[in-house]
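The values are calculated or read from the model by the stated rules, or taken from the named source; none is laboratory data. A quick note: this is a predicted structure, and the numbers were derived from the prediction, not measured. A quick note on method: Cβ atoms are made from the backbone with ideal geometry, for glycine too, and the neighbour counts reach across all protein chains shown.
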Amino acid sequence: MELYDLIIIGGGPAGTAAGVYAARKRLKTLLLAETFGGQSVVSTEIQNWIGSVAISGEELALNMRKHVEAYAGDVLTMKEELAQKVEQKDGNFLVTTHKSSYTGKTILVSTGSHRRRLEAINADKFEHKGLTYCASCDGPMFEGQDLAVVGGGNAAFETAAQLLAYAKSVTLVHRSSDFHRADPITVDKVLSHPNMRALKNVDILEVTGDAFVTGMTYRNKDTSEQGTLPVTGIFIEIGQLPNTEFVKGVVELTERGQIKIDPRTQKTSTPGIWSAGDCTDVLYHQNNIAAGDAVRALEDIYVTLKAK
Ligand SMILES: Cc1cc2nc3c(=O)[nH]c(=O)nc-3n(C[C@H](O)[C@H](O)[C@H](O)COP(=O)(O)OP(=O)(O)OC[C@H]3O[C@@H](n4cnc5c(N)ncnc54)[C@H](O)[C@@H]3O)c2cc1C
C-alpha cells in the first residue's frame, strides 16, 4: 500500500487550505473529503472572507476546490470519500473510508461540524414539513408566511435577515435573555426591521401542526408561563456538533466531542495527528480561522516530518 506523508480528512476551508500548503511543501498528500467547500456553501452572501468584499457560499466553495485542484497531480491526490476509521498501525496511520483504506505517516483531521437538532416534542415528525435546518435551501418556499427562527447566534440572525426579504414576519425564538453570541451590528440591523420580533428566554416545548407545521408552544424560563406562536415555517439555527465520531478513542475529545488541540501547533493528544477548524476545541468558528488554523497545522506537520 502506498504510504502518504500526510492524509488530510475534510474538504472545508481548513482541509482545502491544508491541501494547498501541503502540495506547495511537496508533501505526498491524500485529501479525503465527503464534499468540498464546507458549511458556508449554503450562504447566499459571505462578507468576511478576507480578499472578497462579498462572495456566495457556492462560489467560495468552488474557488476552494479549484485552488486545491490546481495542485492535484504528482504530490496531491484528492478523493471524495467519507473517512470512517483512523487506527495506528506499524508506526503509521491507517484510514478506512467507505470505499478503501489508506496509510499515512501523519494525519490532519479537519472534518468540521454539523447542525445541532431541535429537541422538542414532534420536532422530528415535522422535519421537511415546515421545520427545516437550511434557510437557503427551503426559505423561498415560505414566501409571504409567518416564520420562526430558533437560535440566537450569527447563523440565526443571518437566517432571519434572509427570510425577511420575502416572509410576512419573522420571530426569533431564543433560549437566553441576550444575544451575546451574535455580532451587535447584525443584531441591531435585523431587529430594526419592521417585520421582525424576538421572543427571548424561552424553552420550546412542542412543534404543532397537522400535515404541516402550524406553530409551536413554548415556556418562559423565568415565569414558567406558556405561550403559542402561530407560524408555518420553523428554521433551526441552534449550533453545531463536531464531526469526530470516527476518531473517538484515537485522540482526546472534550465532553462536547471536540478534538482537544494545542493552539500553538494544532497537535492533538496523539503524536502524528493534528486537527484544525470547527471540529477542534477552539472557541471561535469562522472560515478564516479554520483556514488559518490549518495552515498553522501544516507548518508544524512539515517541521515534524522533516525532523524525522
Ligand atoms: C449557514 C452558515 C453560514 C456561515 N457563514 C459564515 C460567514 O459568513 N463567515 C465565516 O467566516 N464563517 C461562516 N460560517 C462558519 C464557517 O462556515 C465555519 O467556521 C467553517 O466552514 C469551518 O470550516 P472547517 O473546514 O473547519 O469545517 P467544515 O466547513 O464543516 O468542513 C468540513 C469538511 O469535512 C468533510 N467531512 C466531514 N466528515 C468527514 C469524514 N468523516 N470524512 C471525510 N470528509 C468529511 C465535509 O464534507 C466538509 O467538506 C457559517 C456557517 C454556517 C453553518
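The table for this structure:
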quantity: Answer residue from the stretch 252-269, given it is within 13 Å of the ligand (Cβ to nearest atom) and within 19 Å of R115 (Cβ to Cβ) and is surrounded by the most Cβ atoms within 10 Å (Cβ to Cβ) among those; calculated: I259
quantity: Scope the stretch 149-173; condition part of a helix (DSSP H, G or I) and not aliphatic (A, V, I, L, M); matching residues; calculated: N154, F157, E158, T159, Q162
quantity: Residue in the stretch 109-117 that is within 21 Å of the chain's Cα centre (by Cα), modelled with pLDDT of 95 or more, of a type in the set (A, V, I, L, M) and not assigned by TED's automatic domain parsing to the domain that holds T217 present; calculated: yes
quantity: Test: residue in the stretch 270-277 that is closer than 30 Å to F93 by Cβ, within 16 Å of the ligand (Cβ to nearest atom), at pLDDT below 95 and not small (G, A, S); calculated: no
quantity: Residues that are within 14 Å of the ligand (Cβ to nearest atom) and either among the hydroxyl-bearing types (S, T, Y) or surrounded by fewer than 13 Cβ atoms within 10 Å (Cβ to Cβ) (or both), drawn from the stretch 86-125; calculated: T96, T97, H98, K99, S100, S101, Y102, S110, T111, S113
quantity: Selected residue (only one of G37, G15 is under 27 Å from G239 (Cα atoms) and near the ligand (Cβ under 6 Å from one of its atoms)); calculated: G15
quantity: Total residues in the stretch 210-238, condition small (G, A, S) and touching a helix residue (DSSP H, G or I) at 6+ places or on another chain (Cβ under 8 Å); calculated: 1
quantity: Matching entry among A14, A18 (being touching a residue at least 60 places away in the same chain (Cβ under 8 Å), in contact with a Gly (Cβ under 7 Å, 6 or more places away or on another chain), of a type in the set (A, V, I, L, M, F, W, C) and outside any strand (DSSP E or B)); calculated: A14
quantity: Subset of the stretch 30-56 that is more than 30 Å from T96 (Cα to Cα) and without any contact (Cβ under 8 Å) to a residue 40 or more places away in the chain - its residue that is surrounded by the most Cβ atoms within 10 Å (Cβ to Cβ); calculated: I55
